[in-house]
Amino acid sequence: ILFVSTASIFIRLAQSEVSSIVIGASRLFVASLILIPLALLRFRHELFSLSRKDLFRAGLSGIFLALHFASWITSLQYTSVASSVVLVTTTPLWVALLSPIVLKEPVSKSVLIGLFVSMAGTVIVSLADACEFANGGMRCNSQLFSENALWGNFLALFGAWMAAGYFMIGRHLRKSLTTIPYAALVYGIAAFILVLIVII
């Protein structure tokens, strides 16, 4: 909770010195440096017993993860930390909405109520960043709807969609892999993609 809740603040501070793509690539590259050797030493049999279908899923999951970090971290350049974090953490909502279509899992009534409450909370927190209630009405700062803020909010939302794809593909992959080899494989692929983009 500590690292997730402070990541966006440190990223915003780092953006004054380095580009967003470099930050995303560095984050995944460092994680891969730790996870890949550990996975190869202790979970090699799991990695080498993967089917082609599982390897394809891992590649696709890595692409989704790379796009998640690239878009979300970039969003912090254009919109407030609060708006970006609120929008990117709507990932579970999108997973719940897409599960009946992609995973063929029904959504219960209690989950639908939770989705509604969460979406209402998302709107309230997003608006609270730039709006205030006064004289019986709501007055919003014009910057909320500026081109930069809207672009940043869209990037954060896109990051949530990409994370939802990563999680749903991961549901299939986790049937074949435990946590460490799964994370090593997918983070490694995502890191490779972002490092390649940085080089290009």
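The values are calculated or read from the model by the stated rules, or taken from the named source; none is laboratory data. Every value quoted in this text rests on a predicted model; they were computed, and no experiment measured them. Heads up, the Cβs are rebuilt from the backbone with ideal geometry, glycines too, and the neighbour counts pull from every protein chain shown. We work out accessible area using only protein heavy atoms, side chains counted, and drop any ligands, DNA or RNA first. Shrake-Rupley method; radii C 1.70, N 1.55, O 1.52, S 1.80 Å.
Would you mind computing, in nm to one decimal, how far apart the modelled labels at Lys53 and Phe192 are, each placed 7 Å from Cα along Cα→Cβ?
Reported label-point gap for Lys53 and Phe192 is 2.2 nm.
Dividing the alpha-carbon radius of gyration of the range 1-119 by 2.2 N^0.38 Å (N being the number of residues), what value is obtained?
On the way: Rg = 17.6 Å, N = 119, 2.2 N^0.38 = 13.5 Å.
Expressed relative to 2.2 N^0.38 Å, the Cα Rg reads 1.30.
Relative to the compact-globule scaling 2.2 N^0.38 Å, provide the ratio for the alpha-carbon radius of gyration of the chain.
Working: Rg = 18.7 Å, N = 200, 2.2 N^0.38 = 16.5 Å.
Scaled against compact globular proteins, the figure is 1.14.
With each pseudo-label sitting 7 Å past Cα toward Cβ, what's the Val111-Thr6 distance in nm, one decimal?
For Val111 paired with Thr6, the spin-label model returns 3.5 nm.
Under a GNM of the chain (C-alpha, springs under 10 Å), which listed residue has the highest mean-square fluctuation: Gly114, Gly170, Gly24?
Its mean-square fluctuation being the largest, the pick is Gly114.
Would you kindly state how much longer the chain becomes between Ala31 and His172 on full extension, computed as 0.36 nm times their sequence separation minus their alpha carbon distance, in nm to one decimal? Could the numbers behind the result be given before it?
Working: separation 141, 0.36 × 141 = 50.76 nm, distance 2.22 nm.
My answer for the length gained is 48.5 nm.
Residues with beta-carbon under 15 Å from that of Arg57, excluding Arg57: net charge, scoring Lys, Arg +1 and Asp, Glu -1? Let's see the in-between values first.
Values: positive: Arg52, Lys53, Arg171, Arg174, Lys175; negative: Glu46, Asp54.
Around Arg57, the charge tally is +3.
On a straight-distance basis, which lysines could pair with Lys53 in a cross-link, Cα separation under 18 angstrom, same-chain partners fewer than 8 positions away excluded?
Within the straight-line limit of under 18 Å, Lys53 reaches these lysines: Lys175.
What size of dipole, in debye to the nearest 20, comes out for the chain about its Cα centre when the only charges are +1 on Lys and Arg C-beta atoms and -1 on Asp and Glu C-beta atoms? List each step's numbers first, then the result.
On the way: 13 positive and 7 negative charges, 160 e Å.
It works out to roughly 780 debye.
Per the 1.4 Å probe, what fraction of the accessible area of the chain, in percent, lies on carbon and sulfur atoms?
Roughly 71 percent, rounded to a whole number.
Considering amide H positions built from the backbone, and no H for Pro or chain starts, which residues 5 or more places from Glu105, or on another chain, come under 5 Å of its amide H?
Those lying under 5 Å, H to H, from Glu105: there are none.
If each DSSP helix of 4+ residues adds -39,500 (n - 2.57) and the sum is divided by the residues in the chain, what number results at 222 nm, nearest 500 deg cm²/dmol? Kindly include the intermediate steps, with their values, before the conclusion.
On the way: 9 runs with 156 residues, N = 200.
It comes out at -26000 deg cm²/dmol, rounded to the nearest 500.
With every protein chain present, what is the per residue accessible area of the chain (1.4 Å probe, Å²)? Numbers along the way, then the final one.
Working: 11800 Å² over 200 residues.
Roughly 59 Å² per residue, with all protein chains present.
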